[in-house]
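Just below is one structure, and these are the notes that go with it.
The values are calculated or read from the model by the stated rules, or taken from the named source; none is laboratory data. Remember, it's a predicted structure, so these values are computed and weren't measured experimentally. Don't worry about glycine lacking a Cβ; one is built from the backbone with ideal geometry, like all the others, and counts go over all protein chains shown.
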Amino acid sequence: MKVILKAYRVLEFFCRAGVFIAFMVLIIAVLTQVLGRAVGDSPVWTEELTRFALIYMTALGVGLGLMSGDLVNVDIVCDALPGPWPRILNVAASLATAFLATILLPGAWKYVQIGFLQKSPAMALQMSFVHFSVFLLFLLLLVFAVMRAVLTLLHVDISHLKQEA
Amino acid sequence: MEVFVLFAVFIGALVIGIPVAIALGLSSLSYLLVSGIPLVVVPQKVYAGIDVFVLLSIPGFILAGNLMNNGGITERIIRFANALVGWVRGGLGLTNIGASMLFGGITGTAVADAASIGGVMIPGMKKAGYPADFSAAVTAASSTVGPIIPPSVPMIIVGALSGISVGQMFMAGAVPGLLMGLAMMITCYVIARRNNFPREPWRGTSELVRAFASAFWAIAMTGIIIYGLLSGIATPTENAVVASVYAFVVGAFVYRELPLKKVPKIIADSAVSAASILALVGLANVFGWILVSERIPQAIAGTVLSITDNPILVVLIINLLLLFVGMFMETIAALIILFVPLLSLAQAVGIEPLHFATFAVLNLMIGLTTPPVGVCLFVCAGIARLPLSPVVRAILPFLLSNIIVLLLVSFIPALATWLPNLVFG
């Protein structure tokens, strides 16, 4: 169990650092845009960079949202059930999430490959890099969903992890 | 058959507690598998759903609200609201509502409002002799004005779905938000008179001025956001980021209550909240695309119009449907799924998109305080340490007043459209 918890902490640390960096890039790009306009013309790349930062922020944050409960669910039926059922359904929900992400990963990789043929207009960035964000989104969703299922099975209180996060 | 699979999987997934975003993804996946459509369409639609210009403002507004919230504004806003209306009978209830209205001008979500104001006001009201259920109910009910008064996360999402400018949406919410606040204050006052709830002493004009001065920098953020939108000098995204920087400066250097050490955590937490909303928007975009390609909006409009084409009845049907769905489903998901289908129906009977969007958002906000799934209700009952049922009973008069405002906004379009028309022409 210690190994899984440690792996979770490491992954959580990197994802939180990632969303922080993506958000800071977004903020700095927008401020550059505002200040640029105040003194003359805004650089053309700021709007594009802002959009890419937002998509990466979403990709890196979705797994954390699954763990923290920010990715909301309707738990009224689940919580009303007796005995071990809430926990069983919790595991089932995590596994269903992992299943969705697994099935969608090949399509998401194909989407990355499509991006090799295009470049973004302002930054001339290969779009495969941008499309990779969707692949990353499903990959992290898969990893966090599996961890959530395992931690629930091991009777680790996920709400405790949420508070620490 | 394919459409049946889509809805059956979606409802089944929701019932067993799968997150709404994932339920949307699973149901869309089932539809695509049954229909034999290549799955590469999913990442394309998820990307296209998130890559919408106005959605860029969501993380900024969430961060601005969280920075303000951690920067000592709650007590200042409550102090100002208390100096303003606390001396009336049921004064702390009125203070609670007034504070929610002021807070609503800073944050764009109701849950943040319920948690922040509730954390201070519910224990305070209990201590002053107010019943715990009433204290929780008034906090939950008043928190729903948060996303009506600008800025508003649901209104940004409506802007992304409909193409209506976010500035117009924000302005359209201003009058209904004030009306909701006023209606709840009247309800609170009537209940307070009947139950002889206490009142706070009038502390004089000097306290009112001091309290206003203390809360000024927090309240000014609403002014900055509105000025930015109305003047056209900044896009909603730029506005949101400037508001975040402003909130940081006020919290850290003016009020000096925002610990700098805590800022990275606040930024990361805000990013995770925004990411969860945007993932929901992205996966809902796949679901929405399927609905449109199956011509579900037209089918809904056709079915309702075959029963009646009377605009009054159609508005009532739309409101009943939204109220029903809002009782069970998370607001933003309900908005994303139902907005486009119901917009087709509304437009078929001559309702302006801006007017429809306003009463749809208002309606779904009421759903935040209705059982069985009312997030603000849960938050406030939790703070008051009460089971849900007494809080549900106590909130009924406020629900009624909110529904009356909803009907007024639904049947008097000018309440939603007058201000945006005046400002934007």
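If you go through the range B:94-145 and keep only what is not in a helix (DSSP H, G or I) and not aliphatic (A, V, I, L, M), you end up with B:GLY105, B:THR107, B:GLY108, B:THR109, B:GLY129, B:TYR130, B:PRO131, B:THR144. Residue by residue through the range B:269-306, note down the ones that are within 23 Å of B:GLY65 (Cα to Cα) and of a type in the set (S, T, N, Q). Within the range B:269-306, B:SER270, B:SER273, B:SER276 meet the criteria. Of the numbered criteria (1) more than 10 Å from every other protein chain (Cβ to nearest Cβ); (2) surrounded by 15 or more Cβ atoms within 10 Å (Cβ to Cβ), the one A:ARG16 fails is (1).
Restricting the first member to the range B:297-311 and to residues that are under 14 Å from B:GLY350 (Cα atoms), and the second to residues that are part of a loop (DSSP other than H, G, I, E, B) and not basic (Lys, Arg), the beta-carbon pairs closer than 8 Å and six or more apart or on different chains are B:LEU305/B:VAL349; B:ASP309/B:VAL349; B:ASN310/B:VAL349; B:PRO311/B:VAL349; B:PRO311/B:GLY350; B:PRO311/B:ILE351. In summary, B:CYS376 fulfils each of the numbered conditions (1) out of contact with any His (no Cβ under 6 Å at 6 or more places or on another chain); (2) at pLDDT 95 or above with the single exception of condition (2).
For the range B:54-86, the candidate set comprises residues that are in contact (Cβ under 8 Å) with a residue 60 or more places away in the chain and charged (D, E, K, R); within that set, the residue that is farthest from the other protein chains (Cβ to nearest Cβ) is B:ARG79.
Scanning the range B:324-363 for residues that are within 14 Å of chain A (Cβ to nearest Cβ), among the aliphatic types (A, V, I, L, M) and more than 17 Å from B:PHE287 (Cβ to Cβ) gives a single hit, B:MET327.
The helices (runs of 4 or more DSSP H) found wholly in the range A:45-137 and carrying at least 2 residues that are within 7 Å of chain B (Cβ to nearest Cβ) and either under 27 Å from A:LEU11 (Cα atoms) or touching a residue at least 24 places away in the same chain (Cβ under 8 Å) (or both) occupy A:45-68, A:85-115.
For the range B:186-236, a tally of residues being crowded, with 20+ Cβ neighbours inside 10 Å, within 14 Å of chain A (Cβ to nearest Cβ) and among the polar types (S, T, N, Q) returns 1.
Evaluated against (1) within 14 Å of chain A (Cβ to nearest Cβ); (2) outside any helix (DSSP H, G or I); (3) of a type in the set (A, V, I, L, M, F, W, C), B:ILE266 falls short on exactly one condition, (2).
Looking across B:ALA132, B:ALA115, B:ALA140, B:ALA110, one residue alone is modelled with pLDDT under 90 and touching a Leu at 6+ places or on another chain (Cβ under 6 Å). It is B:ALA110. Kindly evaluate B:GLY282 against the criterion of being more than 20 Å from B:THR107 (Cβ to Cβ), small (Gly, Ala, Ser) and within 12 Å of another protein chain (Cβ to nearest Cβ). Considered against the rule, which asks whether it is more than 20 Å from B:THR107 (Cβ to Cβ), small (Gly, Ala, Ser) and within 12 Å of another protein chain (Cβ to nearest Cβ), B:GLY282 comes out as yes. Within the range B:367-425, how many residues turn out to be loosely packed, with under 14 Cβ neighbours inside 10 Å, touching a residue at least 40 places away in the same chain (Cβ under 8 Å) and of a type in the set (S, T, N, Q)? Matching residues across the range B:367-425 total 0.
A count restricted to the range B:212-227 and to residues that are in contact with a helix residue (DSSP H, G or I) (Cβ under 7 Å, 6 or more places away or on another chain) and more than 17 Å from B:GLY65 (Cα to Cα) stands at 2. In the range B:31-53, the residue that is surrounded by the fewest Cβ atoms within 10 Å (Cβ to Cβ) out of those that are part of a helix (DSSP H, G or I) and facing chain A (nearest Cβ under 7 Å) is B:GLN44. For the range B:242-262, residues that are under 25 Å from B:ILE157 (Cβ atoms) and either out of contact with any Leu (no Cβ under 6 Å at 6 or more places or on another chain) or more than 13 Å from chain A (Cβ to nearest Cβ) (or both) total 4. Is it the case that some residue within the range B:169-185 is away from every other protein chain (no Cβ under 14 Å), in a helix (DSSP H, G or I) and under 27 Å from A:THR32 (Cα atoms)? Yes, the range B:169-185 has at least one match. When the residues of the range B:228-263 are filtered to those that are of a type outside the set (Asp, Glu) and not in a helix (DSSP H, G or I), the one that is modelled with the lowest pLDDT is B:GLY232. Answer with yes or no whether B:GLY17 is outside any helix (DSSP H, G or I), within 10 Å of chain A (Cβ to nearest Cβ) and at pLDDT below 90. It is true that B:GLY17 is outside any helix (DSSP H, G or I), within 10 Å of chain A (Cβ to nearest Cβ) and at pLDDT below 90.
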